[in-house]
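Engineer: Here you go, one structure.
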Amino acid sequence: MAEPVPPVASVVPKGTALEAARDYIAMVKDDRSVDATLKYWNFEIIFQSVFGDDLAKLSEKERTEARELLVRFMKQVLTNPQVSKVMASSAYEDFHAAPAGDGRTAVSFLVVLADGSRRIPNTMVFQPAGGKWRIVDMGNSGRMLVVDLVSAYGTWRKAKPKGSPLDYVREMVAQIGIRPAPAPR
C-alpha cells in the first residue's frame with residue numbers, strides 16, 4: 001500500500017517545528033485557517049504517503065486529478081468554518097516538540113475549549129521541505145488524519161483490488177459533496 005516515508009529535504013528550515021506550530025495556531029486563532037493550511041501543509045508528501053506505489057498505476061492526467069481532489073478534500077476538512085470558529089476561540093498550551101523519526105518533528109499541545117469543558121491533546125507532525133517546516137500529519141486524542149487516510153485506503157483496496165487511487169479519491173470526496181472539476185472543452 002503506502003510506500004516508505006519520502007526522504008527529508010536536505011535544506012535545513014529556518015526556526016523550529018515548535019515555532020512553526022505556534023505560527024500555525026496564531027493564524028488559526030486569527031481566523032486565517034485557509035492561509036495557515038496553504039502555508040504549512042505539504043499535500044504532495046501526504047499524497048505520496050497515502051497512495052505509495054499505487055500512484056505508478058495512474059497516468060499523469062489521473063495523478064493530477066487524484067492529487068487535486070485529495071487537496072480539495074484536505075482543505076475542506078482543515079478549514080471547516082465550524083471547526084475554525086471553535087479553534088479560533090480555544091486556548092493552546094503545553095507545547096512540546098520531539099523527534100518523530102525520518103527527520104520529522106512531532107509537536108504536541110493541548111487545545112482548551114473556550115468554555116473550559118475539554119482539554120484535547122493534539123499533535124502536528126512537521127517535516128522539512130524547501131527550507132520550511134511543513135505539516136505532514138495532524139490529529140487529536142491519538143487519531144492522526146493522514147494515518148487514518150492510509151488505513152482507510154488499505155481497507156478500500158482489499159475490498160476493491162482493481163481500484164485505483166483516483167477511484168478511491170473520487171468516492172471519498174463524493175461522500176462529502178466535492179465534485180470533480182469539469183473537464184476542459
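Engineer: Quick check on my link table: of 75/160; 75/162; 39/85; 75/132; 39/75; 14/61, which ones sit more than 23 Å apart, alpha carbon to alpha carbon? Please report the intermediate quantities before stating the final value.
Structural biologist: Working: 75/160 26 Å; 75/162 28 Å; 39/85 19 Å; 75/132 20 Å; 39/75 12 Å; 14/61 35 Å.
Those over the limit are 75/160; 75/162; 14/61.
Engineer: Using just the helices of the chain, give the 222 nm mean residue ellipticity in deg cm²/dmol: DSSP H runs with n ≥ 4 each add -39,500 (n - 2.57), and the total is spread over all residues, rounded to 500. Walk me through the intermediate numbers first.
Structural biologist: Working: 7 runs with 84 residues, N = 185.
-14000 deg cm²/dmol, from helical runs alone.
Engineer: Compute the acute angle (0 to 90°) between the alpha-carbon long axis of helix 60-78 and the principal axis of greatest extent of the alpha-carbon atoms of the chain; round to the nearest 10°.
Structural biologist: Long axis of 60-78 versus the principal axis of the chain: about 30 degrees.
Engineer: Sticking with this structure for a sec: Just to be sure I understand the model, the point goes 7 Å from the Cα along the line to the Cβ. What's the resulting residue 19 to residue 62 distance in nm?
Structural biologist: For residue 19 paired with residue 62, the spin-label model returns 4.4 nm.
Engineer: Could you identify which residue out of 29, 162, 85 has the top mean-square fluctuation in a GNM of the chain using Cα springs shorter than 10 Å?
Structural biologist: Comparing 29, 162, 85 in a Gaussian network model of the chain, the most mobile one is 162.
Engineer: How big is the convex hull of the Cα atoms of the chain, per residue, in Å³? Please list the in-between numbers first.
Structural biologist: Details: hull volume 25.5 nm³, N = 185.
Cα-based convex hull of the chain, divided per residue, equals 138 Å³.
Engineer: Moving on to the next point. Between the range 34-73 and the range 115-170, how far is it from one alpha carbon centroid to the other, in angstrom?
Structural biologist: 12 Å
Engineer: Here's another thing I want to ask about it. Pull out the extension gain between residue 119 and residue 35, defined as 0.36 nm times the separation in residues minus the alpha carbon to alpha carbon distance; nm, one decimal.
Structural biologist: Details: separation 84, 0.36 × 84 = 30.24 nm, distance 2.53 nm.
Stretched out fully, the residue 119 to residue 35 stretch lengthens by 27.7 nm.
Values quoted throughout were computed directly from the atomic coordinates according to the rules given, and no laboratory measurement underlies them. The structure presented is a predicted model; accordingly, all values stated were derived computationally and were not measured. Using ideal geometry, Cβ is built from the backbone for each residue, glycine included, and neighbour counts are taken over all protein chains shown.
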